[in-house]
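The values are calculated or read from the model by the stated rules, or taken from the named source; none is laboratory data. In this text, all values refer to a predicted model and were calculated from it rather than measured experimentally. Cβ coordinates were reconstructed from backbone atoms using ideal geometry, including for glycine residues, and neighbour counts include every protein chain displayed. Surface accessibility is based on the protein's heavy atoms, side chains included, excluding ligands, DNA and RNA. Shrake-Rupley method; radii C 1.70, N 1.55, O 1.52, S 1.80 Å.
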Amino acid sequence: MSPMSALTAVVLGALGVYVLAMIGGQVPTDFALFLFVCTAVSGLYFAAEAWWFAPRRREQTVRALLEFDRRNRPSQSTRPDVLAKERASLQEELSHRPWWVEYTAGFFPVIALVFVLRSFLFEPFRIPSGSMIPTLQVGDLILVNKYPYGIRLPVDNHTVLELGHPRRGDVIVFRYPHQPSQDYIKRVVGLPGDRVDYHDRRLTINGVVVPMREIDRYFDPGRVQTYQQFLETLGNVEHRAIFIEGQGAEIHPAMQHTNRDACVYSAGGVACTVPPESYFVMGDNRDNSEDSRFWGFVPDRNVVGRAFFIWMNFGNVGRIGGFH
């Protein structure tokens, strides 16, 4: 195989594995550890193949071919074509990599490329619930950009190089603080130090009411139901939010809360002061979202990345493109 063909095979293989990971959608955080282990193991075999197994096979092949030539030298002039075929067959047999090398070292370039893409650049997720309707639908396959918020180590998510932080209005994927193996997706509403007040469906940040204007009602075909729909402006981001008819969901603290003392609950809603290195997040489906109003804040170390692109929804193949 030529170097260009080998490179093409690696790239296509990596894309194939990555697409399968995307279709698999939202996977447990342990998948990152599994992928890391696969990369490390296949990398060890790749190094062993390059520095030990392959040179030994070459030496054995050379010795075997020299012995073949010595043994068949008297017959070389009488049946050269037959001996040439036998020699070529012997060389191919001896130089061929064993199956256990093919399935370890052979897959290392593909696994390593997927590992780098998923760990430091883009990670695929599948939307499992309707908490972000109308921005995101159930079953949307999305991409999450990991590097705008810094370079983080795989598995433990420790930041080694800060490049930025979530901004108000960003849609982020994060590890749920009370169950880190589970990934959530919400919109950033409050930044560290902000005073966030949500009462009677009105959002106020640092004493300023967040602009919101009513637009056409939203129809949810999944529930065959319509909702009040508004355009809300958070920072520089204008997005849609929906509400059910009536009083809506009652806001109350969950059994587990990241910082109960930072919030004051009342009959009409909740007011919180966002702790340092934390974020207050909410779903765009305001009356059908378990978020910071109930269980508290998202620590910065739990942030995975910024969601930015819908690439497929098998229930609605026309859903593709960026979103805010």
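Observations, loosely collected:
- Residue in segment 145-155 that is assigned to a strand (DSSP E or B) and without any contact (Cβ under 8 Å) to a residue 60 or more places away in the chain present: yes
- Residue in segment 93-126 that is nearest to residue 39 (Cα to Cα), counting only those that are touching a Lys or Arg at 6+ places or on another chain (Cβ under 9 Å) and hydroxyl-bearing (Ser, Thr, Tyr): 119
- Meets criteria (closer than 26 Å to residue 137 by Cα, touching a helix residue (DSSP H, G or I) at 6+ places or on another chain (Cβ under 8 Å) and modelled with pLDDT under 95) for residue 251: yes
- Tally of residues being within 17 Å of the chain's Cα centre (by Cα) and either open to solvent by 10 Å² or more (accessible area, probe 1.4 Å) or of a type in the set (S, T, N, Q) (or both) across segment 150-165: 9
- Of the residues 320, 310, the single one that is of a type outside the set (Phe, Trp, Tyr) and loosely packed, with under 15 Cβ neighbours inside 10 Å is 320.
- Residue 269 meets all of the listed conditions (1) open to solvent by less than 50 Å² (accessible area, probe 1.4 Å); (2) farther than 22 Å from residue 119 by Cα; (3) within 18 Å of the chain's Cα centre (by Cα) but one, namely (3).
- Verdict on residue 62 being in a helix (DSSP H, G or I), within 30 Å of residue 183 (Cα to Cα) and among the β-branched types (Val, Ile, Thr): no
- Looking only at segment 124-149, residues that are within 10 Å of residue 305 (Cα to Cα), of a type outside the set (Ser, Thr, Tyr) and open to solvent by 10 Å² or more (accessible area, probe 1.4 Å) come to 4 in all.
- Across segment 85-104, not a single residue is classified as among the small types (Gly, Ala, Ser), open to solvent by less than 40 Å² (accessible area, probe 1.4 Å) and touching a helix residue (DSSP H, G or I) at 6+ places or on another chain (Cβ under 8 Å).
- Check on residue 242, part of a loop (DSSP other than H, G, I, E, B) and not charged (D, E, K, R): no
- Those residues of segment 211-222 which are out of contact with any strand residue (DSSP E or B) (no Cβ under 8 Å at 6 or more places or on another chain) and either in contact (Cβ under 8 Å) with a residue 12 or more places away in the chain or acidic (Asp, Glu) (or both), in sequence order: 222
- Consider segment 105-123 and keep the residues that are within 24 Å of residue 237 (Cα to Cα) and in contact with a Leu (Cβ under 9 Å, 6 or more places away or on another chain). The one that is most open to solvent (accessible area, probe 1.4 Å) is 122.
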